[in-house]
Amino acid sequence: MTRPQSEQAPETQPTAVKPDSTHPSAQDPSIGRVPGRPSVTKPGADPKVYDSAFMRATRGEKADYTPVWFMRQAGRYMPEYRALRSGKSMLDCIRTPDLAAEITLQPIKAFPLDAAILFNDILTPLPTMGLSLDFVGGVGPVIHNPVSSTRDVDMLAVPAAAESMPFTAESIRLLVPELNSRGIPLIGFVGAPFTLASYAIEGKGSRNYEKTKRMMYAEPAAWERLMGKFEALLADYLAEQVKAGASAVQIFDSWVGALSVYDYQTFVKPATGRLIERVKKLGVPVIYFGTGATHLMPDMAELESDVMGADWRTPLDKAWSLCQKGQSIQGNLDPLLLQAPWRELKHQTDRILGEAAGRPGHIFNVGHGILPETNPDMILRLTQYVHEQTRK
């Protein structure tokens, strides 16, 4: 894969800020970590993976350079992905371990990324609960029998993940030897309880989440039961992913930004907090990410995930200041900048690295998923650039 040709216009933007060797955290790797927090790693983890830049950053430790991975890094922007997906449904690929593993590895083979994320979807658990899920071209995911009553809530199953989604663990077991040989961690993931509950109730994407909020306000007891079911299912599903070999996990709360602070605290935070508490006992780092949720970050950070994800709407340093002392941060480039001229992408990457100021615990990422129209060459160029500019 070739790199883009240089821009004809001269570069006038400032170069990236190098890590500040005078910053206290650069002198003492223990600074920036939660006092008393143990080093997080699953027993028996591969030493190369444990010592990788990504894993060190999740623990708030100094790394040789800022690690890079991208949400939706395996996907439609890659010609290899489109060729492999031709004639196959999304769910077929997810449920076929050989295909899911191959798609997961495509960006790892193409770019010098520091972590892989399992090819999967946050909605994968919904059919196991009795919901009819389909991915419709031009529309996205559609649930044909959405939750619309308290009876529907009570009818939802909570099956064991090992029995209802064995393909996920098998995909991970296929991936781990290849990734371990490269020293690259694998990230497993789920959607957060609120986001999955919203999909289950709305039946598809939504602007205002009217059905979800109506049930949340009108039927608080049923809502609590619904969140409890997702908490139990997702904790078990992540346990299976970690048992199979995932080195870290991410919880995507993609729709949580639609809530007020009060509603998050009242209707969402308790169940999400219990989920994160249960997952942390698995012995791997936990990343918690919400979109459009800067106003919720202090409350989200109180749930004590190891890493907080930040979208692109708020400067990285301000977002970091909203986290708990010692939490690492992931982010936060606007994914649309990957379609901008290199001079602008470089300039805004410099800005983000400057806001990080070389402190340990920064994982460079986009502030949401890579868009399908992205040129893969920009992924390569950006990853190399971040590594070069932050290498110590």
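Going by the conditions given, is G140 on the phi > 0 side of the Ramachandran plot and modelled with pLDDT of 95 or more? It is false that G140 is on the phi > 0 side of the Ramachandran plot and modelled with pLDDT of 95 or more.
Against the list (1) assigned to a helix (DSSP H, G or I); (2) open to solvent by 30 Å² or more (accessible area, probe 1.4 Å), the condition S206 fails is (1).
Here R214 passes the criteria (1) assigned to a helix (DSSP H, G or I); (2) buried (at least 17 other Cβ atoms within 10 Å of the Cβ) except the one numbered (2). For region 281-294, filtering for residues that are open to solvent by 10 Å² or more (accessible area, probe 1.4 Å) and either free of Cβ contacts under 8 Å to residues at least 60 places away in the same chain or small (G, A, S) (or both) leaves 4. Every condition in (1) open to solvent by 30 Å² or more (accessible area, probe 1.4 Å); (2) of a type in the set (S, T, N, Q); (3) in contact (Cβ under 8 Å) with a residue 60 or more places away in the chain is met by N120 except one, and the failing one is (1). Being open to solvent by less than 10 Å² (accessible area, probe 1.4 Å) and not in a loop (DSSP other than H, G, I, E, B) is a description that does not apply to A83. I287 meets each of the listed conditions (1) over 19 Å from P146 (Cα atoms); (2) assigned to a helix (DSSP H, G or I); (3) of a type in the set (A, V, I, L, M, F, W, C) apart from (2). Identify, please: which residue in region 217-248 is in contact with a Ser or Thr (Cβ under 7 Å, 6 or more places away or on another chain) and among the aliphatic types (A, V, I, L, M) and is, among those, nearest to L131 (Cα to Cα)? Among those residues, the one meeting the criterion is A222. The set of residues from region 149-174 being in a helix (DSSP H, G or I) and either open to solvent by 40 Å² or more (accessible area, probe 1.4 Å) or touching a strand residue (DSSP E or B) at 6+ places or on another chain (Cβ under 6 Å) (or both) comprises T150, R151, D152, D154, M155, A162, E163, P166, E170, R173, L174. Take region 310-357 and flag every residue that is within 19 Å of S254 (Cβ to Cβ) and out of contact with any helix residue (DSSP H, G or I) (no Cβ under 9 Å at 6 or more places or on another chain). Within region 310-357, P335, L336 meet the criteria.
The values are calculated or read from the model by the stated rules, or taken from the named source; none is laboratory data. All values reported here derive from a predicted model rather than from experimental measurement. Counting neighbours? That spans all protein chains shown, and the Cβs are built from the backbone with ideal geometry, glycine included. Surface areas here come from the heavy atoms of the whole protein model, side chains and all, with no ligands, DNA or RNA. Shrake-Rupley method; radii C 1.70, N 1.55, O 1.52, S 1.80 Å.
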